[in-house]
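This report concerns only the one structure given below.
Quick note: the coordinates plus some simple rules give every number you see, no bench work behind them. No experiment lies behind these values; they were computed from the predicted model shown. Note: ideal-geometry Cβ built from the backbone for every residue, glycine included; neighbour counts use all protein chains shown.
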Amino acid sequence: MSSVDWDARYRDGETPWEKGMAHPALPFFVSSHPGIFEKKPRVFHPGCGFGHDAAILVPHCEELTALDLAAAPLEAAKDLYPTESIRWEVGDLFAWDEPEKYDLVWEHTCFCAIPLEFRTKYVKAVHRLLKPGGHLAGIFFLNPDHALEEGPPFGVTRDELNGFFGNGFELLEDHPKPETYEGRENRETLMVWRKRS
Ligand SMILES: C[S@@+](CC[C@H](N)C(=O)[O-])C[C@H]1O[C@@H](n2cnc3c(N)ncnc32)[C@H](O)[C@@H]1O
């Protein structure tokens, strides 16, 4: 369910989002949320790409599932981060389900990769996968330097994010200037949402 052949993008090296390292704001998020990480959460990370964020998260997790629609980056991720602690899965976020729900979903430019007509499906999938009171946190890409129809990435406004997530989630934090990669300044926000029970 995607207008983009993500596997082909990876195979052809057309991956401008790939920075060779985890999002720079991720260590801040982990260290500033003892309430989430002291309990060693079950974490789900959709659209994990090469898995750099998963490698930062995994020491703080009881269990970490890193999912991507494309197989190519997951093969690379397994070589880059050869740990059995990360469960690498090829799959579609929209179809993913598990009997045991997650405490945390870590988002990093997966939402902005989703075609506009499927955004509600993203919201429903994340809501379904979280425990009541579980957290959706991560980097939401707001304003790429191209027109909306030229995405992905597909830009989104804060009002739109509130519209999508506001019913099922409560917005706990919005950090409009997270530490980020060079060149991405002022294009992202780090948000923390809590699933309403
Ligand atoms: C912009 S990339 C971001 C990758 C990684 N998070 C990063 O920042 O390097 C978006 C990723 O989402 C994946 N993706 C897109 N649609 C997906 C879906 N429905 N389910 C799972 N992964 C998806 C793509 O294959 C791609 O790896």
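Net charge dipole, the stretch 6-195: roughly 540 debye, given to the nearest 20, about the Cα centre with Cβ charges of +1 for Lys and Arg and -1 for Asp and Glu. Each residue, residue 173 and residue 128, gets one label point 7 Å from its Cα in the Cβ direction; the gap between the two is 2.9 nm. For the chain, what relative contact order do you get, as a whole percent, if you take Cα pairs closer than 8 Å and at least 6 residues apart? That works out to 19 percent. With 0.36 nm allotted per residue and the present C-alpha distance subtracted, the residue 149-residue 7 stretch has 49.0 nm of extension available. For the stretch 1-97, the set of GluC sites (Glu not before Pro) satisfying both a DSSP loop assignment and a count of at most 16 other C-beta atoms within 10 Å is given as 14, 18, 38, 62, 84.
Which FRET efficiency, nearest 0.05, do residue 160 and residue 186 yield, Cβ-Cβ r, R0 22 Å? According to the calculation, E is roughly 0.80. DSSP finds beta bridges in the chain, and of those with both partners inside it, around 40 percent are antiparallel. The simple spin-label model puts a point 7 Å past each Cα toward its Cβ; for residue 21 and residue 101 those points are separated by 3.6 nm. When the chain is treated as a GNM with alpha-carbon contacts under 10 Å, the residue of 60, 108, 146 showing the greatest mean-square fluctuation is 146. Extension gain for residue 118-residue 62 works out to 17.1 nm (0.36 nm per residue, less the C-alpha to C-alpha distance).
Taking 25 °C and 0.890 mPa s as the conditions, I'd like the Stokes-Einstein D for the stretch 94-186 in µm²/s, using the Kirkwood hydrodynamic radius from alpha carbon pairs. Here the translational diffusion coefficient equals 173 µm²/s.
Taking other Cβ atoms within 10 Å as a rough exposure proxy, 9, 158 sort from fewest to most as 158, 9.
For the chain, what does the helix formula give at 222 nm: sum of -39500 (n - 2.57) over DSSP H segments with n ≥ 4, over the residue count, nearest 500 deg cm²/dmol? Walk me through the numbers on the way to the answer.
Numbers: 7 runs with 51 residues, N = 197.
Calculated at 222 nm, the ellipticity per residue is -6500 deg cm²/dmol.
Considered as an equivalent ellipsoid built on the Cα gyration tensor, the stretch 73-123 has semi-axes of 23, 15, 10 Å, the largest given first.
Rg and Dmax of the chain, based on Cα coordinates, read 15.4, 43 Å.
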